[in-house]
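Read the figures in this text as sums done on the coordinates, not as results from a lab. In this text the structure is predicted, and so the values were computed from the model without any measurement. Because the Cβ atoms are built from the backbone with ideal geometry, glycine has one as well, and the counts that use them run over all protein chains shown.
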Amino acid sequence: MTALSADHVVAALRAAFAHEVKRSELLQLAATKIQAVGQPYTSVYLYMVEGDDLVLEAYAGRATELTRIPVGQGVCGTAAATGIDQNIGDVSQSSEYLSCSTETASELVVLIRRGKTILGQIDIDSDYPDPFTADEEAAVRRVADALAVLL
């Protein structure tokens, strides 16, 4: 499996920001760049906080019907409600999991936060069980931190 190069994604985001692209394009660029790495990044979803919901604003990979998730529901909603990133190695063992795809085996949710304010999250689904190492999680965190500054 391939490791995510946070430096590559962050550089692309900064270059796009310098060219004054819209917020939606920045989010889509992040999703596309992360998912393009290949496995374990099957699908990447960027949900942003809107009131008491997480709203899907960009994705790469499989489409999902989960375009709006109440804060507090599912793995994504739990991350937003608790302020704690989620790394679920086996979604079949999680009572919180809301299925985007029957093929998803694991999920990583990393919050996009500016200070104490949660702006949104990067939600990554993988078809492989337990693929997200501490290094992978740290790389996604670097992308999330860059987005927090650029949005």
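Quick check for me: using +1 on Lys/Arg Cβ and -1 on Asp/Glu Cβ, what's the dipole size of the chain about its Cα centre, in debye to the nearest 20?
Computed charge dipole of the chain: roughly 600 debye.
Please work out how much length the chain gains when fully extended from Ala63 to Lys22, using 0.36 nm per residue of separation minus the C-alpha to C-alpha distance, in nm with one decimal.
Full extension of this stretch gives 12.6 nm more.
Karplus couplings for region 49-64 from phi (6.51 cos²θ - 1.76 cosθ + 1.60, θ = phi - 60°), rounded to Hz, Gly and Pro as x?
For region 49-64, the Karplus curve yields 6, 9, x, 9, 10, 9, 10, 5, 10, 7, 7, 9, x, 5, 5, 9 Hz.
Determine the relative contact order of region 6-150: mean sequence separation of Cα pairs under 8 Å and six or more apart, normalised by residue count, in whole percent.
23 percent
Using amide H atoms built in the peptide plane, which far-off residues or other-chain residues are under 5 Å from Gly72 H to H?
Gly77, Thr78, Ala80, Ala81
At 10 °C and 1.306 mPa s, grab the translational diffusion coefficient of region 1-84 from Stokes-Einstein with a Kirkwood Rh over Cα pairs, rounded to a whole number in µm² per second.
Value of D from the Cα-based Kirkwood radius: 115 µm²/s.
May I ask you to evaluate 6.51 cos²θ - 1.76 cosθ + 1.60, the Karplus curve with θ = phi - 60°, for each residue of region 135-144 and list the ³J(HN,Hα) values in order in whole Hz, giving x for glycine and proline?
The phi angles translate into 5, 5, 4, 5, 5, 5, 4, 4, 5, 4 Hz.
Grab the alpha carbons of the chain, take their convex hull, and tell me the volume per residue in Å³.
Details: hull volume 14.4 nm³, N = 151.
So the per-residue hull volume is 95 Å³.
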